[in-house]
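**Q** Okay, handing you the structure first.
The values are calculated or read from the model by the stated rules, or taken from the named source; none is laboratory data. In this text the structure is predicted, and so the values were computed from the model without any measurement. Cβ placement follows ideal geometry from the backbone for every residue including glycine, while neighbour counts extend to all protein chains displayed. Side chains are part of the model used for accessible areas, which takes the heavy atoms of the whole protein and leaves out ligands, DNA and RNA. Shrake-Rupley method; radii C 1.70, N 1.55, O 1.52, S 1.80 Å.
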Amino acid sequence: MTGTLITVAATGAEADKASVPALPVTLDELAETAVACEASGAAVIHVHIRDDDARPTLDVGRLKDTVAALRAKTDLIVQLSTGGAVTDGFETRLAVLDAAPDACSLTCGTVNFGDDVFANPWGFIKDLYQLTQERGVVPEFELFDLGHVATLRRLLREFGPPAGGHVHCDLVMGVPGGMPGDVPTLVAAVAALPEGATWSATGVGRTTLPVLLGALAAGGHLRVGMEDTLSYAKGRPVASNAELVQRAARAAELAQRPPMNTAEAREFLGIAR
Ligand code: KMH
Ligand code: ZN
């Protein structure tokens, strides 16, 4: 049994700064969050950025500045979102790799996303996957539904292993329209993964704790953060990403699988520094 890889998804594309003042939206806020989360046990940061009006953007210049700032201030693995917001087009999402991150998310299928649709058709998925291979950016396969595992298997069959050589997935559970965030579904999704794949799980909203505890019990890794969770407990808003990382780290310690440090995480994911 290995230690626990903790990823912090600090901002996301959906929450509104006016309603969630603790959300990190500027580069300074993000860097400050990143430093606190690394000190609390995170090894990976999953990054969405915002523009000057705190709206989601995939502007490549800003993404480059973000990668540089996070590298200057932390040793965290910088994983840029290629999912962006539901309104982002495919070309814009492919261009995220121009910012040369260590890693990126790669969602393995379309999913209903509340009242919206998060579009990931096969043509886009395979173009993005091949680009990660060309650029040496390590993908994390985001699975919002069980059917996404079939597409992951197809990618590996048709195009071979990812950059870094290791398949690591993230089960994104509890999105309205995706797979539910409960233990039976978690067990079914893990059983469907390709041989040798490792996985993290994240439960959105009120599925946060069942998914966190189920993932630890089943030998998985954790993604936490304000992209997915805005209530720490009933009636108590999340005060910072760091407190979510601290709670995950405490649970991992309790499970006797303490958080991996960044060097261990790089080795685990096949990411060179
Ligand atoms: N914001 C969602 C539409 C990712 O980062 O790759 C997509 C998302 C997945 O957050
Ligand atoms: Zn994301």
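**Q** Scan the stretch 93-106 and report the pairs whose first residue is in contact (Cβ under 8 Å) with a residue 40 or more places away in the chain and in a helix (DSSP H, G or I) and whose second residue is more than 14 Å from ligand 1 (Cβ to nearest atom) and charged (D, E, K, R), with Cβ atoms within less than 6 Å and a gap of 6+ or a chain change.
**A** Pairs found: 97/135.
**Q** Related question: Looking at (1) open to solvent by 60 Å² or more (accessible area, probe 1.4 Å); (2) touching a Pro at 6+ places or on another chain (Cβ under 8 Å), can you tell me which one residue 47 breaks?
**A** (1)
**Q** Checking residue 252 against (1) open to solvent by 40 Å² or more (accessible area, probe 1.4 Å); (2) in contact with a Pro (Cβ under 7 Å, 6 or more places away or on another chain), only one condition comes out false. Which one?
**A** All conditions are met except number (1).
**Q** Picking from 26, 57, which residue would you name as being over 27 Å from residue 257 (Cα atoms), within 15 Å of ligand 2 (Cβ to nearest atom) and among the hydroxyl-bearing types (Ser, Thr, Tyr)? Reasoning before the result, please.
**A** Working: 26 fails: within 15 Å of ligand 2 (Cβ to nearest atom).
Residue meeting the stated conditions: 57.
**Q** State the number of residues belonging to the stretch 159-194 that are of a type outside the set (Gly, Ala, Ser) and over 14 Å from residue 142 (Cβ atoms).
**A** Our first condition is that a residue be of a type outside the set (Gly, Ala, Ser); within the stretch 159-194, this holds for 159, 161-162, 166-173, 175-176, 179-180, 182-187, 190, 193-194.
Now narrow it down to the ones that are over 14 Å from residue 142 (Cβ atoms): 159, 161, 166, 176, 180, 182-187, 190, 194.
The total comes to 13.
**Q** While we're here: Here is a check on your reading of the model: is residue 177 open to solvent by 30 Å² or more (accessible area, probe 1.4 Å), out of contact with any Pro (no Cβ under 7 Å at 6 or more places or on another chain) and not aromatic (Phe, Trp, Tyr)? Write out each step before concluding.
**A** Working: open to solvent by 30 Å² or more (accessible area, probe 1.4 Å): yes; out of contact with any Pro (no Cβ under 7 Å at 6 or more places or on another chain): yes; not aromatic (Phe, Trp, Tyr): yes.
Judged against the criteria, residue 177 is a match.
**Q** Continuing with this model, one more query. Report, by residue number, each residue of the stretch 114-123 that is within 16 Å of ligand 2 (Cβ to nearest atom) and surrounded by 13 or more Cβ atoms within 10 Å (Cβ to Cβ). Working first, answer last.
**A** Let us first name the residues in the stretch 114-123 that are within 16 Å of ligand 2 (Cβ to nearest atom), namely 114, 116-120.
Selection gives 116, 118, 119, 120.
**Q** In addition: Name every residue in the stretch 107-151 that is out of contact with any helix residue (DSSP H, G or I) (no Cβ under 9 Å at 6 or more places or on another chain), hydrophobic (A, V, I, L, M, F, W, C) and not in a loop (DSSP other than H, G, I, E, B), in order of residue number.
**A** 113, 117, 118
**Q** Among the residues of the stretch 44-54, count how many are in a loop (DSSP other than H, G, I, E, B) and either at pLDDT below 95 or within 13 Å of ligand 1 (Cβ to nearest atom) (or both).
**A** Of the residues in the stretch 44-54, the ones in a loop (DSSP other than H, G, I, E, B) are 48, 51-54.
Applying the additional criterion that residues be either at pLDDT below 95 or within 13 Å of ligand 1 (Cβ to nearest atom) (or both) yields 48.
Adding up the residues that qualify gives 1.
**Q** Hey, could you check the stretch 84-110 for residues that are at positive phi and more than 11 Å from ligand 1 (Cβ to nearest atom) and say which is surrounded by the most Cβ atoms within 10 Å (Cβ to Cβ)? If you could, list the steps in order and put the result at the bottom.
**A** So the first thing to find is which residues in the stretch 84-110 are at positive phi, and the list is 84, 100, 109.
Next cut, more than 11 Å from ligand 1 (Cβ to nearest atom) only: 100, 109.
Working: 100: 15, 109: 22.
Step by step, filter the stretch 84-110, then rank; the result is 109.
**Q** Given 31, 15, which one is part of a loop (DSSP other than H, G, I, E, B) and either touching a Lys or Arg at 6+ places or on another chain (Cβ under 8 Å) or within 24 Å of residue 236 (Cβ to Cβ) (or both)?
**A** Numbers: 31 fails: part of a loop (DSSP other than H, G, I, E, B).
It is 15.
**Q** For the stretch 67-92: of the residues being within 12 Å of ligand 2 (Cβ to nearest atom) and part of a loop (DSSP other than H, G, I, E, B), which is farthest from the chain's Cα centre (by Cα)?
**A** At the first step, the residues of the stretch 67-92 found to be within 12 Å of ligand 2 (Cβ to nearest atom) are 79-86, 88.
Then drop every residue that is not part of a loop (DSSP other than H, G, I, E, B), which leaves 81-86, 88.
Working: 81: 7, 82: 10, 83: 10, 84: 12, 85: 14, 86: 16, 88: 18 Å.
Step by step, filter the stretch 67-92, then rank; the result is 88.
**Q** Test residue 245 against the stated conditions and say whether it is under 14 Å from the mean Cα position of the chain (by Cα), surrounded by fewer than 22 Cβ atoms within 10 Å (Cβ to Cβ) and under 21 Å from residue 15 (Cα atoms).
**A** no
**Q** Would you mind stating whether residue 201 is out of contact with any Lys or Arg (no Cβ under 8 Å at 6 or more places or on another chain) and of a type in the set (A, V, I, L, M, F, W, C)? Talk me through it step by step, then tell me what you get.
**A** On the way: out of contact with any Lys or Arg (no Cβ under 8 Å at 6 or more places or on another chain): no; of a type in the set (A, V, I, L, M, F, W, C): yes.
No; evaluated as a whole, the condition is false for this residue.
**Q** Can you tell me how many residues within the stretch 3-22 are open to solvent by 30 Å² or more (accessible area, probe 1.4 Å), in contact (Cβ under 8 Å) with a residue 60 or more places away in the chain, away from ligand 2 (no atom under 11 Å from the Cβ) and of a type outside the set (A, V, I, L, M, F, W, C)? Steps first, please.
**A** Start the filter on the stretch 3-22 by keeping residues that are open to solvent by 30 Å² or more (accessible area, probe 1.4 Å), which leaves 14, 16-19, 21-22.
If we keep only those that are in contact (Cβ under 8 Å) with a residue 60 or more places away in the chain too, we end up with 14, 22.
Next, from what is left, pick out any that are away from ligand 2 (no atom under 11 Å from the Cβ): 22.
Remaining after also requiring of a type outside the set (A, V, I, L, M, F, W, C): none.
The qualifying residues number 0.
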